[in-house]
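Undergrad: Please see the structure below; I have some questions.
The values are calculated or read from the model by the stated rules, or taken from the named source; none is laboratory data. From a predicted model like this one, the values you see are computed outputs, not experimental measurements. Reconstructed Cβ throughout: ideal geometry from the backbone, glycine too, with neighbour counts over all protein chains shown.
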Amino acid sequence: MIIRKLFKFENAHIVRGCSTAKCSQNIHGHSYRVEVLLESNYLDNGDMIYDFGLMKLSIKELIDSFDHAITIWSRDDLDYIKDMKKHSKRWIELPVSPSAEQFSRVIYLIIEKVLELTVMQNNERNIKLNSIIVHETQTGYAQAFKEDAHSELMGQIRLKDIIFSSQIKEDWSDNLLWDKILSGKSIINPKIV
């Protein structure tokens, strides 16, 4: 069985090297919708695959990091990167260009790591991330599966190469969240009430 949770964020970027000048040469924004698809053959003690409320914790915080931020490619022009970081307090630097395709891969790897580190509390079993769908527009989206997210042919993405600005980290309930994820520290779901 597959469940889906929808998240939304507003984000700006430039997608260098794409075919259209509007996208490759100008900062522009989108109202993104991100679908997180989880799957399992088991149900927990509440007869759920995974409580949607649990997805409002670390998963939501990390996806919300992209809201009202500019996403920068680490291989872009150095003056552009410097200016964006100078004039925006909310920025994320990625090791790949911030296209919808790469957003789906990046978010897949982030959520996959969160789930890997999560200590379940309600007999959740065999929870797998099926895919991530990133809707960049009303009519266009990209969907990444595990093999896509881990494909070096599409550009290597190491979590340690994803950098969140200080202001973004300050918005998290734990401003060390990303550092803890990178160091492999467990994320413990709340106990059942």
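Undergrad: Filtering segment 149-173 down to residues that are free of Cβ contacts under 8 Å to residues at least 60 places away in the same chain and touching a Lys or Arg at 6+ places or on another chain (Cβ under 7 Å), which residue is farthest from Ile111 (Cα to Cα)?
TA: Looking at the filtered set, the residue picked out is Met154.
Undergrad: Report whether or not Asp64 is modelled with pLDDT of 95 or more and on the phi > 0 side of the Ramachandran plot.
TA: no
Undergrad: In segment 1-49, what residues are part of a loop (DSSP other than H, G, I, E, B), in contact (Cβ under 8 Å) with a residue 12 or more places away in the chain and small (Gly, Ala, Ser)?
TA: Answer for segment 1-49, where residues must be part of a loop (DSSP other than H, G, I, E, B), in contact (Cβ under 8 Å) with a residue 12 or more places away in the chain and small (Gly, Ala, Ser): Gly17, Ser40, Gly46.
Undergrad: Mind checking which pairs have a first residue in segment 84-97 that is within 28 Å of Ser151 (Cα to Cα) and in a helix (DSSP H, G or I) and a second that is of a type outside the set (S, T, N, Q) and modelled with pLDDT under 95, Cβ under 9 Å, 6 or more apart or different chains?
TA: Cβ pairs passing all conditions: none.
Undergrad: Test each condition in (1) more than 21 Å from Ser131 (Cβ to Cβ); (2) buried (at least 21 other Cβ atoms within 10 Å of the Cβ); (3) within 14 Å of the chain's Cα centre (by Cα); (4) of a type outside the set (A, V, I, L, M) for Trp73 and report the one that comes out false.
TA: The failed condition is (3).
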